[in-house]
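Asks: Could you have a look at this structure, given as structure tokens, before my questions?
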Amino acid sequence: MDAFFASIEQRDGPSYRNKPVVVGADPKGGKGRGVVSTCSYEARRYGIHSAMPISVAYARCPHAVFLPVDMEKYESVSRQVYQILNDFTPDIETIGIDEAFFDITGSFHLFGSPADTCIMIKTRIRQETGLTASIGLAPIKMAAKIASDMRKPDGFVEVSREGLLDFLWPLDIGKMWGVGAKTLPLLHEMGIKTIGDLARRQPSELSGRFGASGAHFWQLANGIDDRNIEPGHEAQSVSNEITFDTDTSDKELLAGTLMYLSEKVSARLREDRLTGRTIMLKVRLKGFTTYTRAVTIPEATNYADSIYYKVTELWNRFYLHGSKIRLVGVRVSNLCRQDETGLLFEDSGEHVQERIHGALDSIRQKFGEGLVYRARSRRDTPSRGGV
């Protein structure tokens with residue numbers, strides 16, 4: 001999807017259309033401390049991009065429309081888009097709220113050619129959601145991903161099997177899957193500037209420099225990618241984090257914020273009927289130095305109290321007395337379906353926990369978030385986000 005969050009806001013707010021829109025933390029007149037979640041194409045002309053500090057975005061375009069993240073609304077539209085995709089193929093691999101791979105090999109004949117099918121999908125999305133989507137059609141996943149990004153917004157790029165290498169080889173090496181900020185300068189040192197440059201090197205040379213990744217790079221550069229679409233691919237983790245308005249060492253504020261984040265993560269897990277065994281604490285200090293600590297528990301959980309208990313244990317092991325904290329986050333991973341854990345209601349304590357959380361779920365679904373919460377939970381937290 002194209003500038004997904006910002007496009008939804010522009011669709012729902014006619015006065016925002018054709019204006020730079022930034023979705024993310026409150027800029028607070030240039031003093032905000034969160035980040036940009038996403039922005040419209042009009043905002044991108046000012047050099048604004050996702051994950052940029054919101055203060056920088058404000059400095060570049062103070063007249064932009066700055067809006068908070070409305071994840072509930074975005075998730076609702078995302079489900080609508082995936083329902084449309086399901087009408088064309090069951091083979092869908094979800095990458096995120098606004099991105100997916102889908103395989104139409106076994107179904108395109110019902111709609112015409114593969115290209116016809118993609119155009120029909122784009123048309124349905126526009127008609128039913130009022131949003132645009134960009135699609136890349138290619139014989140391998142990496143090429144499809146690259147193609148989908150080439151003509152945004154509302155783009156469609158088709159890459160044939162015969163033209164695959166002609167498409168890949170002129171591209172900057174930075175566009176290749178797996179080449180990140182650390183690998184890119186090493187490739188440049190070797191004189192590798194394009195995907196074609198890498199494809200013409202010996203696999204042994206690349207393996208000697210990058211290990212198993214080197215051989216994988218060589219295969220991708222030569223159009224060899226046997227990774228299949230993985231239908232039913234689910235989220236690998238659920239997390240939320242908060243950036244404080246002012247760096248803090250206030251123990252009560254930090255404890256309350258960790259409880260609040262544990263509640264948020266718990267609610268999202270329970271909404272999707274997921275549980276997790278690995279609980280992670282993220283801490284960013286003044287100066288942006290970031291630490292993570294994690295623990296894996298024997299029995300998967302989605303209970304806020306259980307998550308908070310483990311996060312607190314991690315915090316107590318990590319905490320540096322007097323350190324100024326910029327950001328804290330809570331993540332649960334190693335996920336499985338709640339009905340696959342076989343752990344619910346095995347003892348009376350578990351039963352009581354489930355009844356309490358079930359009651360809280362019902363209240364929030366009926367009356368909205370914020371009506372009921374634990375006394376320790378800090379509700380006046382500033383910038384927040386989740387993935």
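Asks: Exposure proxy check: C336, C118, C39 ranked by fewest other beta carbons within 10 Å?
Replies: Working: C336 13, C118 22, C39 27.
Listing C336, C118, C39 from fewest to most nearby Cβ atoms yields C336, C118, C39.
Asks: Another question, then. Return the lysines within reach of K145: Cα separation strictly under 22 angstrom, same-chain partners fewer than 8 residues apart disregarded; answer none if there are no such residues.
Replies: The qualifying lysines are K122, K175, K182, K193.
Asks: Give the average over all directions of the projected area of the C-alpha convex hull of the stretch 4-69, one decimal, in nm².
Replies: Numbers: hull surface 14.3 nm².
Result: 3.6 nm².
Asks: What stretch of the chain, leaving out the sites themselves, is the longest with no GluC sites (Glu not before Pro) in a DSSP loop having at most 13 other Cβ atoms within 10 Å?
Replies: Working: sites that count: E162, E234, E346.
After excluding every exposed loop site, the longest remaining stretch is 1-161.
Asks: Let me ask another. Please report the relative contact order for the stretch 149-254, taking Cα pairs under 8 Å with a sequence separation of at least 6, and give it as a percent rounded to a whole number.
Replies: Values: 66 pairs, mean separation 22.1, N = 106.
In percent, rounded to a whole number, it is 21.
Asks: Please report, in debye to the nearest 20, how large the charge dipole of the chain is about its Cα centre when each Lys and Arg carries +1 at its beta carbon and each Asp and Glu carries -1 there.
Replies: Values: 50 positive and 49 negative charges, 330 e Å.
Taking the Cα centre of the chain as origin, the dipole is about 1580 debye.
Asks: Here's something else I'd like to know. Over the Cα atoms of the stretch 88-194, how large are the radius of gyration and the largest Cα-Cα distance (Dmax), in Å?
Replies: Over the stretch 88-194's Cα set, Rg and Dmax evaluate to 15.6, 49 Å.
Asks: Sticking with this structure for a sec: If contacts are Cα pairs under 8 angstrom and at least 6 residues apart, what is the relative contact order of the chain in percent? Can you show the working numbers first?
Replies: On the way: 652 pairs, mean separation 51.0, N = 387.
About 13 percent, as a whole number.
Asks: May I ask you to sort L171, L274, L258 by Cβ crowding, counting other Cβ atoms within 10 Å and putting the fewest first?
Replies: Details: L171 16, L274 21, L258 24.
Going from sparsest to densest Cβ surroundings: L171, L274, L258.
Asks: So, R0 is 25 Å and r is the distance between the beta-carbons of H321 and F288; what FRET efficiency does that work out to, to 0.05?
Replies: Values: r = 20 Å, r/R0 = 0.81.
The formula returns an efficiency of 0.80 here.
Asks: Let me ask you something else. Give the average over all directions of the projected area of the C-alpha convex hull of the stretch 138-233, one decimal, in nm². Can you show the working numbers first?
Replies: Details: hull surface 27.9 nm².
Average of the hull's projected areas for the stretch 138-233 equals 7.0 nm².
Asks: Which of P53, F66, G24 sits closest to the plus end of the dipole of the stretch 4-69, meaning its Cα is farthest towards the positive end, when Lys and Arg get +1 and Asp and Glu get -1 on the C-beta?
Replies: P53
Asks: What is the Cα radius of gyration of the stretch 202-320 over 2.2 N^0.38 Å, N being its residue count? Could the numbers behind the result be given before it?
Replies: On the way: Rg = 19.9 Å, N = 119, 2.2 N^0.38 = 13.5 Å.
The value comes to 1.47.
Asks: Can you compute the helix-only [θ] at 222 nm over the chain? Use -39500 (n - 2.57) per DSSP H run of at least 4 residues, normalise by all residues, nearest 500 deg cm²/dmol.
Replies: Values: 14 runs with 151 residues, N = 387.
Estimated from H runs of four or more residues: -11500 deg cm²/dmol.
Asks: Per Stokes-Einstein, at 10 °C and 1.306 mPa s, what whole-number D in µm² s⁻¹ belongs to the stretch 244-302, with the Kirkwood radius over Cα pairs as the hydrodynamic radius? Don't skip to the answer; put the middle values down first.
Replies: Numbers: Rh = 13.2 Å.
Diffusion coefficient, whole number: 121 µm²/s.
Asks: Taking the Kirkwood radius as the inverse of the mean 1/r across Cα pairs, report the Rg/Rh of the stretch 4-157. Kindly include the intermediate steps, with their values, before the conclusion.
Replies: Numbers: Rg = 16.9 Å, Rh = 16.6 Å.
Rounded to two decimals, Rg over Rh is 1.02.
Asks: Give the separation of the Cα centroids, the stretch 126-205 to the stretch 9-87, in Å.
Replies: Each part reduced to its Cα centre gives a spacing of 26 Å.
Asks: Given C-alpha coordinates of the chain, what is the ratio Rg to Rh with the Kirkwood estimate of Rh?
Replies: On the way: Rg = 23.1 Å, Rh = 23.4 Å.
Dividing the radius of gyration by the Kirkwood radius yields 0.98.
Each reported figure results from applying straightforward, stated rules to the coordinates on display, with no laboratory input. Keep in mind the model is a prediction, meaning the values are calculated, not measured. All Cβ positions, glycine included, derive from the backbone under ideal geometry; neighbour counts span all protein chains shown.
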